[in-house]
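The values are calculated or read from the model by the stated rules, or taken from the named source; none is laboratory data. Note that the structure is predicted; figures quoted are calculated from it, not measured. Backbone-built Cβ (ideal geometry, glycine too); neighbour counts: all protein chains shown.
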Amino acid sequence: MSSRVLVAEDDPHQAQVIRLYLEGEGHTVEVVHDGQEALACARARRPDLLVLDVMLPGMDGLDVCRTLRTESDVPVLVLTARDSEYDLLRSLDLGADDHMTKPYSPRELVARARTLLRRTRFGSQTGFLSRVGDLVVDRQRHTVHLAGRPVECTHAEFALLEVLSGQPDRAFTREQLLELTRGTDAYVTTRTIDVHILNLRRKIERDPARPARLVTVYGVGYKLTDAG
C-alpha cells in the first residue's frame, strides 16, 4: 500500500538515494533539506512517515522530533552519524520510533520504514490508545495497563500487543505477527512468537493455563479479545 513519506535530509545525494528506494517501494516521497522546512511540511502535509536526519541546518532534527511529537503521532525514523548509546536513547526519549546510524543500507532503511508503516496501519484509529476491555495499550508512552495497573513488557511483547489491540478479535497468523513485529531481525522465528505469547499470558491473564484474553485460534494463530 502506497504511503506519503517526508524525508528531511540536507545531503542531496543521500536524500536522492532514499527517495529512489522509497519510490521503488511504491511510496510518494517529498524531500526537504532543513529542520524548519521539515516541521512546516510535516504540519501541512501530514505524512504517514517522517525520515529525519539529526544534523539539519536551521533546526536540529531532534528539536523537530521533540516539537512534532507534542502535536502528532506520525512515525519518525531518525538518521544520525552518532552511534553512542546516549544518542540512541535520547532520540527515542524525544519520541522517535526507530533509529539508524550512518552509514546504513538503503534496503534496511526501506525495511524499517515498511515495519513502521505497517504498525501504524494496524494501530488504533482513535489516537494513541488501543483499548480491549480493561487492557489499555498506549503507543505514544509505550505503556500497557490492565485494570489501571501497569504491566511491564519487553519491546517485543509490546509490539505484539500493539498489533493485536489495534484490531481486537481479529485472528492473526504467526507469520503475520512475525512480519509486523520483528523489523529487520532475520533470526526471529514463529516459535519466538509462541514464547512471547506465553510470557504475555503470564502477565495479563487471570489463569495463564486457561487464557480468556489472549486466545489461540486453532489452525490460525492468536487474537486479543475482551475477557469480560
Selected residue (criterion: nearest to Ser105 (Cα to Cα)) from residues of the range 20-65 that are assigned to a helix (DSSP H, G or I) and in contact with a Lys or Arg (Cβ under 9 Å, 6 or more places away or on another chain): Tyr21
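From Ala15, Ala111, Ala81, grab the single residue that is among the small types (Gly, Ala, Ser) and buried (at least 16 other Cβ atoms within 10 Å of the Cβ).
Details: Ala111 fails: buried (at least 16 other Cβ atoms within 10 Å of the Cβ); Ala81 fails: buried (at least 16 other Cβ atoms within 10 Å of the Cβ).
After ruling out the rest, the residue left standing is Ala15.
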Out of the residues in the range 152-188 that are at pLDDT 80 or above and aromatic (Phe, Trp, Tyr), state the one that is farthest from Val215 (Cα to Cα). Phe158
All positions within the range 75-112 that are part of a helix (DSSP H, G or I), at pLDDT 90 or above and under 15 Å from Val7 (Cα atoms): Pro106, Leu109, Val110
Under the condition of being of a type in the set (S, T, N, Q) and outside any helix (DSSP H, G or I), which residue from the range 1-19 is nearest to Asp73 (Cα to Cα)? Ser3
Residues of the range 201-220 classified as among the β-branched types (Val, Ile, Thr) and either surrounded by fewer than 12 Cβ atoms within 10 Å (Cβ to Cβ) or touching a residue at least 40 places away in the same chain (Cβ under 8 Å) (or both), total: 3
